[in-house]
Amino acid sequence: METTKGQVLVVDPSDIMRKLICGILIKSGYTVHDAAEADKGVELLSKRPDLVILDIDDETSDEVAFLRKMKRDYAATPTIALADDHVREEVQKKIEDMPKLSFFAKPVRPDALVAQVEALLSETEQARLAAEAKKSGAQIDIEQQRMGFMRRAIDLSQQKMEENCGGPFGAVIVRQGKIIGEGWNCVTSTNDPTAHAEMVAIRNATSAIKDFKLEGCDIYTSCEPCPMCLAAIYWARLDKIYYANMREDAEKIGFDDAFLYREVALPENKRSLPVFRLLREEANIVFDNWMAKMDKTAY
């Protein structure tokens with residue numbers, strides 16, 4: 001597919017001048033769209049040209065309305081206005097604060113005009129590349145930061161395992177680029193089957209900020225959360241989950257999270273743990289009392 005140096009829209013009522021400018025631009029490697037009337041030029045703006053050349057003979061002409069359209073909807077597109085000095089002064093008064101608008105004095109020397117096109121498009125391309133580089137750099141910084149948080153979770157899993165706190169799992173909770181809660185598996189050391197790394201991290205984070213909601217926070221955990229921890233993460237309203245090892249990796253070392261995921265997906269009568277329901281009517285009275293309670297905390 002043939003590539004060009006960019007797309008240029010030429011709007012000029014003079015057939016001779018328009019064809020001359022278009023011919024030089026095409027010869028210089030540009031794709032050119034042209035229009036004799038400003039109304040047609042407005043239609044061609046939909047092609048999103050990289051630069052516009054506009055011939056203005058009269059400060060009250062349709063070309064001024066065209067510039068107002070450019071200013072309103074295409075302000076980032078470089079625009080060269082071909083105008084006599086007295087017309088330029090009047091247009092500048094009517095079209096204020098259009099930073100991408102530049103003027104080119106008549107009579108037009110086509111070679112000089114092409115040189116200005118080259119300069120403007122080069123400047124625009126450099127600005128675009130600089131913006132992309134800045135964005136890419138910011139994305140790299142964010143990714144490095146995320147890996148740092150995950151490495152902290154992994155370090156906790158190793159350290160606390162060696163200290164015999166529990167299994168090899170660690171987690172951290174982050175808000176606005178700072179860790180507000182850390183956790184590690186404490187099941188065997190506290191005799192608490194719910195003391196998974198994610199659960200402990202959630203408890204520490206909510207205690208630190210004195211709020212049961214962790215909106216605006218992310219959790220980094222050294223292993224994919226089990227169903228219990230996943231539910232707690234949802235209840236805490238965390239924004240995102242980042243994890244390292246998978247449930248299949250945990251299963252290989254004796255932690256059967258995958259089994260629990262399969263169990264939860266089954267209907268009650270198919271699960272390995274029998275489930276029974278009793279005294280629903282009496283329990284519903286308490287739910288009714290909750291609905292009537294005037295000082296309850298929203299959850």
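For the range 192-200, 3J(HN,Hα) computed residue by residue from phi via the Karplus equation (6.51, -1.76, 1.60; θ = phi - 60°) reads 10, x, 9, 7, 6, 4, 5, 5, 5 Hz, glycine and proline entered as x. Considering the range 5-52 at the alpha-carbon level, its Rg and Dmax are found to be 9.9, 27 Å.
If R0 equals 51 Å, the separation of the Cβ atoms of residue 284 and residue 151 corresponds to a calculated FRET efficiency of about 0.55. If you restrict to DSSP beta bridges whose two residues both lie in the chain, what percentage is antiparallel, to the nearest 5? Restricted to the chain, the bridges split so that about 30 percent are antiparallel. Rg over Rh for the range 48-107 works out to 0.92, using Cα positions for both radii and the Kirkwood form for Rh. Rounded to the nearest 20, the size of the Cβ-charge dipole of the chain about its Cα centre is 840 debye, with Lys and Arg at +1 and Asp and Glu at -1.
At an R0 of 35 angstrom, the distance between the Cβ atoms of residue 228 and residue 294 translates into a FRET efficiency of 0.60.
Helix content alone sets the calculated 222 nm mean residue ellipticity of the chain: runs of n ≥ 4 DSSP H residues at -39500 (n - 2.57) each, divided across all residues, give -16000 deg cm²/dmol. Using the Cβ of residue 114 as centre and a radius below 13 Å, the other residues enclosed give a net charge of +1, where K and R count +1 and D and E count -1. Calculate the FRET efficiency for residue 123 and residue 47 from the Cβ-Cβ distance with a Förster distance of 25 Å, rounded to the nearest 0.05. So, using R0 = 25 Å, E works out to roughly 0.70. The H on the amide N of residue 33, modeled in the peptide plane, is under 5 Å from the matching H of 8, 9, 10, each at least 5 residues off or on a different chain. With 31 Å as the limit, the listed pairs 134/252; 69/106; 5/100; 134/210; 135/210; 94/135 have 134/252; 134/210; 135/210; 94/135 beyond it between alpha carbons. At q = 0.16 Å⁻¹ the log10 of I(q)/I(0) for the chain amounts to -1.21, computed by Debye summation with a single uniform scatterer per C-alpha, solvent ignored. The alpha-carbon atoms of the range 178-282, seen along their principal axes, cover 45, 42, 28 angstrom, with the largest extent given first. Can you tell me the 0 to 90 degree angle between the C-alpha axis of helix 227-236 and the longest principal axis of the chain, rounded to 10? Rounded to the nearest ten degrees, it is 60.
Modelled this way, with points 7 Å down the Cα-to-C-beta line, the labels at residue 93 and residue 176 are 5.1 nm from one another.
Spatial offset of the range 14-84 relative to the range 203-233 amounts to 57 Å, using the alpha carbon center of each.
The numbers here are math on the coordinates, done by the rules we state, and not lab data. None of these values were measured; they are calculated from a predicted model. We place every Cβ from the backbone using ideal geometry, glycine too, and count neighbours over all the protein chains shown.
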